[in-house]
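Q: Got a structure for you, written out below as structure tokens; questions coming shortly.
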Amino acid sequence: MQRKHNDFSKAIKKHVNENYLKDDDRRSFLNNFSDWPSPTNEKWRLSRLGKLARKSFIPYVSSSKKIKETSATNEDFFSLVFINGIFCKESSDKLPKEIEMSFLSAKDLISNLRDVNNRSVLNHPTLNITGSCFQDFIKLKIKANCSIAKPIELLQTGNCPHNSIHPLILIEVEKNSKIKILEKFKTNVALNAPLQILKLEKNSKIEFIKFHNDDSETTNLSLLISFLKEDATCNIFNLINGGAFTRSETHSYLKGKNSSMNLNCVYLSTDSQHHDVTSSIYHDFPNCNSSQKVRGVLNKNSTGVFQGKIRVEKKAQKTNAQQMSRALILSDKALSNSKPELEIYADDVVCSHGATVGELDEEQIFYFLSRGIDKQKARFMMIEAFLSEIIEESVDKVFLDEVLNETEIAFKKILEN
Amino acid sequence: MSILNIKNIHLSIEDKSILKGVSLNVNPGEVHAIMGPNGSGKSTLSYILSGKEGYELSSGNIYFDNKDLLELSANERSNQGLFLAFQYPVELPGVSSMNFLREAVNVRRKFLGKKELNHLEFVKEARRLASSMFIKDEMLKRSVNVGFSGGEKKRFEILQMMLLEPKLAILDETDSGLDVDALKIVSNGVNNYKGKDNAVIVITHYQRLLDYIVPDYVHILADGVIKKSGGPELAKIIEKNGYAGIVDAA
Ligand SMILES: Nc1ncnc2c1ncn2[C@@H]1O[C@H](COP(=O)(O)OP(=O)(O)OP(=O)(O)O)[C@@H](O)[C@H]1O
Ligand SMILES: [Mg+2]
């Protein structure tokens, strides 16, 4: 018998009616959300939302009262600050002229998602609740033929433990342009439901690092949708260590030949945290590459999930798709699940996938001990090695120190007893 | 005053009795060779000495440098100057050899009350000793033992011994898998390290090694005990006749 759900669909209906009465486009998203996905839904079976469903919260609405602002201080980045999903101009840096920023509507969201027909995306709770309840929908356009060396930093902060927040961003990289982005989720909210769309035009490139480090009570349901045209490259690296429940879901559409999607991830979990990496890559054109590599370290009662889907259409010959998930379990109560899903309709493809779950190897630990290095340090060095391998392979030089540093802080924390 | 004194040790693994009363005394400046058929317990003895989990004695005592060895954890034994060159060195993917060596050396230095070496000082020292073992700089950048050839792994073990300057080095079949040149390199390394204050136990199957590292004593471990001890000539007899006449079943 399921315990009673709080009726979130009612709450958002009321919210939309009160705030955006005339907006039929928002309402079209609203109508797609009746309740949180149930555990019988295959996409959500391993990551159940019961706890969230029983929580009582409503979407955040900006009040006139001034919130204490975090201001951007890092000289190495163009920082854009968001508070509770709302863009905070005063705290943000001015962008260079090659990057155009604008605000979009729910109608624009619909038109940008025209090509999406997967039910798992169209029925995704984040798409529908954020599509109907967002406050700011920011678009960043990187103009054609620009290579922007200084990275953008997106600081997603928030503090409203009884609300959901709905950051919504579209990043469009025009042809032959390059951009590097570091995004940090650090919120203390009931639900953080960021929706992000990346559009990569011909021969463009994005390096995108995302830190999911929300407060220990927060649920984070990130949804990222990317579209790649010919010769485009999208490198995403996710670090997930925060939140009570964090699911980082990505859908990538390879819509032009020679495009390349690399979606690698590290998650670090402890206590009763649940971390989920779900990604789908749709190979629609020939000669494209994709990689989904995930490494997790789990301690105490934590759980980890990797669901990786690769779909290769018939005309997507010479596809090269790799998928690998490895989890390191530090406690006998921690659990890691991995669910690969391969749908391959082309014949000339190279696809590999694999998953391992294991403990730290006692023989390896003994080798450290025999050289005088104590057990704690040995464990530390082995986990560091396990993680740095994938980080060094995935992360652009400009972000490497920051990512290694953030990872080290996070895994020191999960090693604490 | 001995460096190592093993007194009548017994060990069983999963109800199988492996050592049935082994005693051995090693003094400073000595080289002992331990020989014996496959599966006679030579590596087991080395694991007992280095404190591997699962190799706890059912009876007997071991003193190392006048301390009760069994009271010390594996890493403390290394800190105190006991070193094991593994028969099968373990691969550590992602752990750079240089970092691993530096960590080990600094832990030992700290224990000895010496100043820890900074990165540069350490790299210089490591390279110097590595080149004496014909180990290329490039190898030190790689993960510990990953992709090393059999011979490279063995030379890397000896490099670790040189860096850690132990009181007692146990070399478990360090000669196996070495070509003639590598055998000379390794033996040279051991002979240079050997002095009047430290000692070496070499576990080997072949007399060949003992031409280079000349032992003071040769012991035959078989049927769970030291069946016979003697001088270097004992190794030559075994090379010629095998273990017939020494070991029950041979
Ligand atoms: N962890 C273990 N579990 C079960 N049996 C073990 C274990 N360790 C050692 N043994 C057994 O103890 C016996 C001695 O093994 P050991 O490796 O010490 O032999 P060895 O003398 O070093 O042989 P070799 O010359 O082949 O290296 C063998 O029969 C081996 O199978
Ligand atoms: Mg052996």
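Q: So in segment A:316-371, with the set limited to residues that are of a type in the set (Phe, Trp, Tyr) and within 14 Å of chain B (Cβ to nearest Cβ), which one is nearest to B:LYS153 (Cα to Cα)?
A: Step by step, filter segment A:316-371, then rank; the result is A:TYR367.
Q: Moving on to the next point. Check B:LEU82 against each of (1) surrounded by fewer than 18 Cβ atoms within 10 Å (Cβ to Cβ); (2) within 17 Å of the chain's Cα centre (by Cα) and name the one condition it does not meet.
A: The failed condition is (1).
Q: Among the candidates B:ILE34, B:ILE48, B:ILE62, which residue alone is β-branched (Val, Ile, Thr) and more than 14 Å from the chain's Cα centre (by Cα)?
A: B:ILE62
Q: Among the listed residues B:ILE18, B:ILE13, identify the single one that is in contact with a strand residue (DSSP E or B) (Cβ under 7 Å, 6 or more places away or on another chain), within 16 Å of ligand 1 (Cβ to nearest atom) and more than 14 Å from every other protein chain (Cβ to nearest Cβ).
A: Testing whether each residue is in contact with a strand residue (DSSP E or B) (Cβ under 7 Å, 6 or more places away or on another chain), within 16 Å of ligand 1 (Cβ to nearest atom) and more than 14 Å from every other protein chain (Cβ to nearest Cβ) leaves just B:ILE18.
Q: Filter segment B:130-143 down to residues that are within 14 Å of chain A (Cβ to nearest Cβ) and assigned to a helix (DSSP H, G or I), then give me how many there are.
A: So the count comes out to 1.
Q: Answer yes or no as to whether A:ILE138 is more than 21 Å from A:LYS199 (Cα to Cα) and among the hydrophobic types (A, V, I, L, M, F, W, C).
A: no
Q: So how many residues does segment A:307-343 have that are small (Gly, Ala, Ser), closer than 21 Å to A:LEU387 by Cβ and crowded, with 17+ Cβ neighbours inside 10 Å?
A: Residues in segment A:307-343 being small (Gly, Ala, Ser), closer than 21 Å to A:LEU387 by Cβ and crowded, with 17+ Cβ neighbours inside 10 Å: 6 in total.
Q: Quick one: which residue in A:ASP115, A:ASP108 is within 26 Å of A:ASN176 (Cα to Cα), assigned to a helix (DSSP H, G or I) and out of contact with any helix residue (DSSP H, G or I) (no Cβ under 7 Å at 6 or more places or on another chain)?
A: Result: A:ASP108 is the single residue among A:ASP115, A:ASP108 that is within 26 Å of A:ASN176 (Cα to Cα), assigned to a helix (DSSP H, G or I) and out of contact with any helix residue (DSSP H, G or I) (no Cβ under 7 Å at 6 or more places or on another chain).
Q: The conditions are (1) part of a loop (DSSP other than H, G, I, E, B); (2) modelled with pLDDT of 95 or more, and B:GLU116 fails exactly one of them. Which is it?
A: Of (1) part of a loop (DSSP other than H, G, I, E, B); (2) modelled with pLDDT of 95 or more, only one is false for B:GLU116: (2).
Q: With the requirement that a residue be more than 7 Å from chain A (Cβ to nearest Cβ) and assigned to a helix (DSSP H, G or I), what does segment B:94-109 give you?
A: Result: B:SER97, B:MET98, B:ASN99, B:PHE100, B:LEU101, B:ARG102, B:VAL105, B:ASN106, B:ARG109.
Q: If you don't mind, there's one more thing I want to ask. A:ILE391 - would you say it is buried (at least 19 other Cβ atoms within 10 Å of the Cβ), within 14 Å of chain B (Cβ to nearest Cβ) and β-branched (Val, Ile, Thr)?
A: Yes; evaluated as a whole, the condition is true for this residue.
Q: Same structure, new question: Could you please give the count of residues in segment B:144-166 that are surrounded by 18 or more Cβ atoms within 10 Å (Cβ to Cβ) and within 14 Å of chain A (Cβ to nearest Cβ)?
A: The total comes to 14.
Q: Can you tell me which of B:TYR47, B:TYR88 is under 18 Å from A:LYS375 (Cα atoms), within 16 Å of ligand 1 (Cβ to nearest atom) and either of a type outside the set (Val, Ile, Thr) or away from chain A (no Cβ under 14 Å) (or both)?
A: Criteria check complete, one pass: B:TYR47.
Q: Please determine whether any residue of segment B:22-32 is more than 22 Å from B:LYS154 (Cβ to Cβ), within 16 Å of ligand 2 (Cβ to nearest atom) and more than 9 Å from chain A (Cβ to nearest Cβ).
A: Checking segment B:22-32: at least one residue is more than 22 Å from B:LYS154 (Cβ to Cβ), within 16 Å of ligand 2 (Cβ to nearest atom) and more than 9 Å from chain A (Cβ to nearest Cβ).
Q: Do you know which residues across segment B:39-68 are free of Cβ contacts under 8 Å to residues at least 40 places away in the same chain and away from ligand 2 (no atom under 16 Å from the Cβ)?
A: B:GLY51, B:GLU53, B:LYS67, B:ASP68
Q: Which members of segment A:260-293 meet the condition of being part of a loop (DSSP other than H, G, I, E, B), touching a Ser or Thr at 6+ places or on another chain (Cβ under 8 Å) and within 18 Å of A:GLU343 (Cα to Cα)?
A: Those that are part of a loop (DSSP other than H, G, I, E, B), touching a Ser or Thr at 6+ places or on another chain (Cβ under 8 Å) and within 18 Å of A:GLU343 (Cα to Cα): A:PHE285, A:PRO286, A:ASN287, A:CYS288.
Q: Considering only residues that are crowded, with 22+ Cβ neighbours inside 10 Å and either among the charged types (D, E, K, R) or within 13 Å of another protein chain (Cβ to nearest Cβ) (or both), which ones fall in segment B:51-78?
A: B:GLY51, B:ALA74, B:ASN75, B:ARG77, B:SER78
Q: Here are A:SER56, A:SER64: which of them is surrounded by fewer than 16 Cβ atoms within 10 Å (Cβ to Cβ), at pLDDT 90 or above and hydroxyl-bearing (Ser, Thr, Tyr)?
A: A:SER56
Q: Given the criteria without any contact (Cβ under 8 Å) to a residue 40 or more places away in the chain, buried (at least 19 other Cβ atoms within 10 Å of the Cβ) and more than 16 Å from ligand 1 (Cβ to nearest atom), does B:ARG127 qualify?
A: Spelling it out, it is not the case that B:ARG127 is without any contact (Cβ under 8 Å) to a residue 40 or more places away in the chain, buried (at least 19 other Cβ atoms within 10 Å of the Cβ) and more than 16 Å from ligand 1 (Cβ to nearest atom).
The values are calculated or read from the model by the stated rules, or taken from the named source; none is laboratory data. What you see is a predicted model; the values in this text were computed from it and never measured. Cβ sites come from the backbone with ideal geometry, for glycine too, and all protein chains shown count toward neighbours.
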